[in-house]
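The block underneath contains the structure these notes are about, expressed in C-alpha cells.
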Amino acid sequence: MKPRKFDLVRAESTAEALAALSESGGNAKIFAGGQSLMAMMNLRLADPDVMVDISQVTELSYLKEVGDKLEIGAAATQVELLSWPGLAEKLPLLHQAIPHLGHFQTRNRGTICGSLAHSDPSSELPLCLATLEGEVVLRSVRGERVLSAADFQLGMMTTAREDDELIVAARYPFKKPGEGFAFTEVAQRRGDFAITAVAAVASGDVTRLGVGGVADKPTAKNWTNLSDDNLDEELNAFAWELGGSDDIHATAKYRRELVRRLGRRVIEEAKACRS
Amino acid sequence: MPKLNQDSLQKIDFTLNGVAETGTAEPRMLLSDFLRNVMGVTGCHVGCEHGVCGACTVQIDGKAQRSCLTLAVQVAGRKVDTVESLAGRENPLTDLQQAFKTHHGLQCGYCTPGILMSTSEFLDRNPNPTEEEVRDMLSGHLCRCTGYAGIVNAIMATIEERQGKAAAE
Ligand SMILES: Cc1cc2nc3c(=O)[nH]c(=O)nc-3n(C[C@@H](O)[C@H](O)[C@H](O)COP(=O)(O)OP(=O)(O)OC[C@H]3O[C@@H](n4cnc5c(N)ncnc54)[C@H](O)[C@@H]3O)c2cc1C
Ligand code: FES
Ligand code: FES
C-alpha cells in the first residue's frame, strides 16, 4: 500500500523543523528514520498533512558525552550508536540490547529518538531509557524542557511530547563503578519486536529490573537486598503487577512466565558481572 | 527551507548504479516505486511495503536500506545501488551471485536481489563473519522457497573462497 498525499518539509536546521511543527497546527509528523512511520503511512495507520524530514539536519546528527551521560541527537542512527567506540564499556546495557532492535538494514536508518518517540511498549531503547533512568530533551518554538524517562513515557505509544515539540536529544547515563548489567528478550525471530524484554542493573545491594512488552509501557522496579531465596516470589509478584494481556503473539500467562524466568536470568547475570 | 507541495512533481538528480540520472516524483512516491516504475530498474522487488520482507532492499550511499520505507525525493543527490549494479559488463555474475546459483540459494528469486544487496554491504564491512552472524544478517529477509539453507551455504562458500584468495596472495 502507498501513503496518501502530504506536504514534505525537508528541514536543514532544528529551527526550521520547529517552525514547521509549530505552523502545522498539530497535523505534522517528524520523519526521522521512517522505519516505523513509513510503515504506518503505507498501511494508512498514520496520515499527517505535513511531514517534517529531519534526517538531513546535521546539527542533530551527533553522539556526545555530556557529564555522566551520552547525549544522542535526533538524527543519529541506531547503527551509529552501535558503532560508538565507548559503547561496550560505558553503556553495556545498550551494547547488549541494540543488536535485538530490528535488523542491520533497519538500524542503518532508524534513529534512537524516533524509537523513543514511537514508544512501542516492547521496544528495546525505551526499556533501556526507563531502566537506566535516562532523560529526553524536548524543544519547541515555545522553549525547551528536559523530562525523565518516567515523566516522558506515559503509556501504549504515548509520551508527554506535545504536538509542536521535537525530541532534540536523548541522554543515557553511563555505567558507574560497581554496576553490572544484563539484557535479554524473547521474540518470534531475531530482530522481531520482543514478546517480552528484560534489562537488569545490579549495584551493591540494589537490584533494578526493567520489563518491556508486558505492561503498556516499559516498567522498572528496585529491590534492596534481594536474596536468591525470595527472588522467585518477588519476580512472580512483579509479573502480576505488570498485568499484560493476551494478543496474537502470546498470552498474558506466557508473558508472566517470561518475566519470572528471564528476570531471574538477567538479575543473576547482572550481579555476576558487577565491576 | 525546501517545502515540497503534495501535488508538485519534484526533479530528482541522483546516481543510479554508478550513472548520473534524473527522474521526477511527487513527495508521496516511495523509492521502491520510483526505481521500478519511473527509472525502470525492476531488480528492486516489492513484497510487503512495511519493512519486514526485505525484498526491496537497496544500498543508499553504500548502506543497505528498505526502499519501501524511503521517499523517492530523499535520494536527491545520493548514490543508489540496486542488484543491477553488482555484475559489470564483462562478468555476468559476481562471485556471490555465482555462489547463489551453485548452492541453490534461490528458487523463484523474488527475495534474492534484496538479500544480495544486504549481503554485499555486510561482507564489505565484515569479510570474515561466523555462520551465526550471517544468519543474524539474514533475519532481515524473508524467503518463502529455499528454507535458507542454500542461501547460508552460498554466503559461507563465498566467504571461504574470498578468504582463500586473500591467504594465497
Ligand atoms: C522489519 C522491522 C523490524 C523492527 N524491529 C524492531 C524491534 O525489534 N524493536 C524496536 O524497538 N523497533 C523495531 N523496529 C522499528 C525501528 O526500526 C524504528 O527505527 C523505530 O521504531 C523508529 O525510529 P525511526 O527513526 O525510524 O522513526 P520514524 O519512523 O521516522 O518515526 C517514528 C515516530 O516517531 C516520531 N518521531 C521520530 N523522531 C522524532 C523526534 N526526534 N521528535 C519527535 N517525534 C519523532 C515520528 O513522527 C513517528 O511518529 C523495526 C522496524 C522494522 C521495519
Ligand atoms: S517491500 Fe520493503 S521490506 Fe518488504
Ligand atoms: S527464492 Fe523464492 S522467496 Fe526466496
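Give me a count of the residues in segment B:49-68 that are within 13 Å of ligand 1 (Cβ to nearest atom) and on the phi < 0 side of the Ramachandran plot.
Summing the residues that are within 13 Å of ligand 1 (Cβ to nearest atom) and on the phi < 0 side of the Ramachandran plot in segment B:49-68 gives 11.
Filter segment A:11-58 for residues that are without any contact (Cβ under 8 Å) to a residue 12 or more places away in the chain and within 12 Å of ligand 1 (Cβ to nearest atom); which is least open to solvent (accessible area, probe 1.4 Å)?
Checking each candidate, the answer is A:Ala39.
Restricting the first residue to segment A:236-262 and requiring it to be polar (S, T, N, Q), which pairs with a second residue that is not in a loop (DSSP other than H, G, I, E, B) meet a Cβ separation below 9 Å and a spacing of at least six or different chains?
What qualifies is A:Asn236/A:Arg256; A:Asn236/A:Val259; A:Asn236/A:Arg260; A:Ser245/A:Ala252; A:Ser245/A:Arg255.
Show me the helices (runs of 4 or more DSSP H) found entirely inside segment A:66-137 where at least 1 residues are closer than 16 Å to A:Ser55 by Cα and under 14 Å from the mean Cα position of the chain (by Cα).
A:78-82, A:104-107, A:112-118
Could you grab me the full set of residues in segment A:196-222 that are over 17 Å from the mean Cα position of the chain (by Cα) and open to solvent by less than 20 Å² (accessible area, probe 1.4 Å)?
Within segment A:196-222, A:Ala202, A:Thr207 meet the criteria.
Only one of these is assigned to a helix (DSSP H, G or I), in the same structural domain as B:Leu30 (by TED's automatic domain parsing), among the hydrophobic types (A, V, I, L, M, F, W, C) and modelled with pLDDT of 95 or more: B:Val73, B:Val58, B:Val134, B:Val80. Name it.
On inspection, the qualifying residue turns out to be B:Val73.
Hey, can you tell me all the residues within segment A:1-40 that are within 7 Å of chain B (Cβ to nearest Cβ) and under 15 Å from A:Asp53 (Cβ atoms)?
Residues satisfying the conditions are A:Pro3, A:Phe6, A:Asp7, A:Leu8, A:Val9, A:Arg10, A:Ala11, A:Glu12, A:Glu16, A:Gly34, A:Gln35, A:Met38.
Within segment A:101-114, take every residue that is away from ligand 2 (no atom under 16 Å from the Cβ) and open to solvent by 20 Å² or more (accessible area, probe 1.4 Å) and give me the one that is farthest from A:Phe183 (Cα to Cα).
It comes out as A:Gly114.
The values are calculated or read from the model by the stated rules, or taken from the named source; none is laboratory data. As the structure is a prediction and not an experimental result, all values here were calculated from the model. All Cβ positions, glycine included, derive from the backbone under ideal geometry; neighbour counts span all protein chains shown. The area values use the complete protein model at the heavy-atom level, side chains included, leaving out ligands, DNA and RNA. Shrake-Rupley method; radii C 1.70, N 1.55, O 1.52, S 1.80 Å.
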